[in-house]
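The values are calculated or read from the model by the stated rules, or taken from the named source; none is laboratory data. Remember, it's a predicted structure, so these values are computed and weren't measured experimentally. Here Cβ is always computed from backbone atoms with ideal geometry, including for glycine, and neighbour counts include all displayed protein chains.
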Amino acid sequence: MTTCRTIRSHAPLWATLSATFFGTGLVKRGPGSVASAATVILWWGLTRWLAPSAQPRAAILLAGLAIAIGIPAATKLCRATDLKDPQFVVIDEVAGQIITLIFVPVSWQSLLAGFILFRGFDMLKPPPLRRLEKLSEGVGVVADDVGAGLYALVVMQILLHVGWLPR
């Protein structure tokens, strides 16, 4: 069983904390879904403090930060564990989930739809997402989830445009 202590003995603490989203990735069942759900809840909480006009910029900034930190952190953990895409590395889910919610008004319906869409695209990996996984180390770990987030973002915008989600 992989524990934070096992990972930390082989990877820097910053990489372990970042890549596992502060240990979220170490849950036994569905670490990617747990990290996505935690991201949605944290985003909802953060938006209580942000004006609606500032939310898209904040989401873009947070997604960029998750990608910028996530790639080197995932690379460190891939190397430390000798795994291509360790299941406990979930910073990629954080990035993809936030991307899904860019330009999306915050409501329980939109957050639930965004969660379901992102997890669906992340699990199904429609073309070319499966190919992105094959990129090396942290880039491959993060790129397919960024792609899933972009797919989910497009569908969210369509749902908003046709009025199936509240604005």
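Tabulated data
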item	result
Residue list for segment 102-141, filter: touching a Pro at 6+ places or on another chain (Cβ under 9 Å), on the phi < 0 side of the Ramachandran plot and assigned to a loop (DSSP other than H, G, I, E, B)	I102, V104, P105, V106, S107
Members of segment 112-147 found to be within 14 Å of the chain's Cα centre (by Cα), over 24 Å from L77 (Cβ atoms) and either hydroxyl-bearing (S, T, Y) or buried (at least 20 other Cβ atoms within 10 Å of the Cβ) (or both), listed by number	G114, F115, L117
Check on L160, without any contact (Cβ under 8 Å) to a residue 60 or more places away in the chain, crowded, with 19+ Cβ neighbours inside 10 Å and not acidic (D, E)	no
D145 touching a residue at least 24 places away in the same chain (Cβ under 8 Å), assigned to a helix (DSSP H, G or I) and closer than 18 Å to A35 by Cβ	yes
Given (1) closer than 18 Å to D144 by Cβ; (2) in a helix (DSSP H, G or I), index of the condition F88 fails	(2)
Residue selected from segment 25-62 under the condition of a type in the set (A, V, I, L, M) and within 11 Å of the chain's Cα centre (by Cα), by the criterion surrounded by the most Cβ atoms within 10 Å (Cβ to Cβ)	A35
Flag if W49 is modelled with pLDDT of 95 or more, more than 14 Å from I98 (Cβ to Cβ) and in a loop (DSSP other than H, G, I, E, B)	yes
Leading residue by the ranking (surrounded by the fewest Cβ atoms within 10 Å (Cβ to Cβ)) among those in segment 63-107 that are over 12 Å from the mean Cα position of the chain (by Cα) and acidic (D, E)	D82
